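The values are calculated or read from the model by the stated rules, or taken from the named source; none is laboratory data. This structure is a prediction, so every number in the text was calculated from the model and none was measured. Positions of Cβ are backbone-derived with ideal geometry, glycine not excepted, and every protein chain shown enters the neighbour counts.
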Amino acid sequence: MRNLLLAVIALCAVPLSAAEERTILFIGNSLTIYNDLPKLVTGLAQAGGQGPLLTDRVLVGGADLEKHWKDGVALERIRARPWTWVVLQEQSTATYAKAEAFTAHARLFLAAIAERGARPVLYLTWARRGEVAQQDAISAAYRALAAESGALVVPAGEAFRAWRQAHGEEALFRDNRHPTPLGSYLAACCFYGVLFGRDPAGLPGDAAGLDQATAARLQGLAWAAR
């Protein structure tokens, strides 16, 4: 089944022209909810001349992929219409604290996404505030899943780590896990670079309340992390 999944995902990887309408479904929790990440991604796509980008979301605070699968709402939404991309975002610590459940339920979603002809996207999130050492485990879990499935990886957590090393954690976090607008903008730049294969350099930062110099630093980190 794994080889079949890889083959189907490969067929979904045909590049689109900027004029074509693209659709993206976000499945996740508060790490995506905070600062309305889907709206930030849409705004960057528009600013970058990437054509229409229509988004939908199944987001539940604190939910992991196991809960989303058992609830059934996300699966219904995947099957409801054609999608260009479907984003899977796991609860932050579940990638290593519940590694088997993460892998098992991510694989179920990946198969469902492939059946619909969409491209799966794994939203690689960040270690919690004060726990940057856990980033290796989070990144490894997402990367392993991508290697076996052919899914895209949006490496926001790795871009977060680069900012932490250069500037500390304060600007990224509003509490021990949730991002500030600056953190969400960094993640959105990662999405832009991966989905469209283009450097986000020069995109505006005003949607997140950022001056252009700060936005430029974040764009550079996002592009380097891909």
For segment 132-139, does any single residue satisfy the condition of being over 18 Å from the mean Cα position of the chain (by Cα), of a type in the set (D, E, K, R) and surrounded by fewer than 18 Cβ atoms within 10 Å (Cβ to Cβ)? no
A127, sole failed condition from (1) surrounded by 15 or more Cβ atoms within 10 Å (Cβ to Cβ); (2) of a type in the set (A, V, I, L, M, F, W, C); (3) touching a residue at least 40 places away in the same chain (Cβ under 8 Å): (3)
From the option list A141, A166, A201, A146, single residue qualifying as assigned to a loop (DSSP other than H, G, I, E, B), free of Cβ contacts under 8 Å to residues at least 60 places away in the same chain and over 20 Å from R22 (Cα atoms) is A201
Does segment 169-188 hold any residues that are among the aromatic types (F, W, Y) and crowded, with 23+ Cβ neighbours inside 10 Å, and which are they? Y185
Residues within segment 189-222 that are touching a Gly at 6+ places or on another chain (Cβ under 8 Å), small (G, A, S) and either crowded, with 18+ Cβ neighbours inside 10 Å or at pLDDT below 95 (or both), tallied: 3
Kindly indicate the residue of segment 181-201 that is closer than 13 Å to W126 by Cα and not hydrophobic (A, V, I, L, M, F, W, C) and also farthest from the chain's Cα centre (by Cα) among those meeting that condition. G183
What are the residue pairs meeting all of these: first residue in segment 58-80, first residue free of Cβ contacts under 8 Å to residues at least 40 places away in the same chain and on the phi > 0 side of the Ramachandran plot, second residue assigned to a loop (DSSP other than H, G, I, E, B) and buried (at least 16 other Cβ atoms within 10 Å of the Cβ), Cβ atoms under 8 Å, and 6 or more apart or on different chains? G62/N29; G62/Q91
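Residue-by-condition table, conditions (1) in contact with an Asp or Glu (Cβ under 7 Å, 6 or more places away or on another chain); (2) surrounded by 13 or more Cβ atoms within 10 Å (Cβ to Cβ); (3) modelled with pLDDT under 95; (4) under 19 Å from A146 (Cα atoms):
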| residue | (1), (2), (3), (4) |
| --- | --- |
| N3 | no, no, yes, yes |
| V8 | no, yes, yes, yes |
| L11 | no, no, yes, yes |
| T23 | no, yes, no, no |
| I27 | no, yes, no, yes |
| T32 | no, yes, no, no |
| P38 | no, yes, no, no |
| T42 | no, yes, no, no |
| G49 | no, no, no, no |
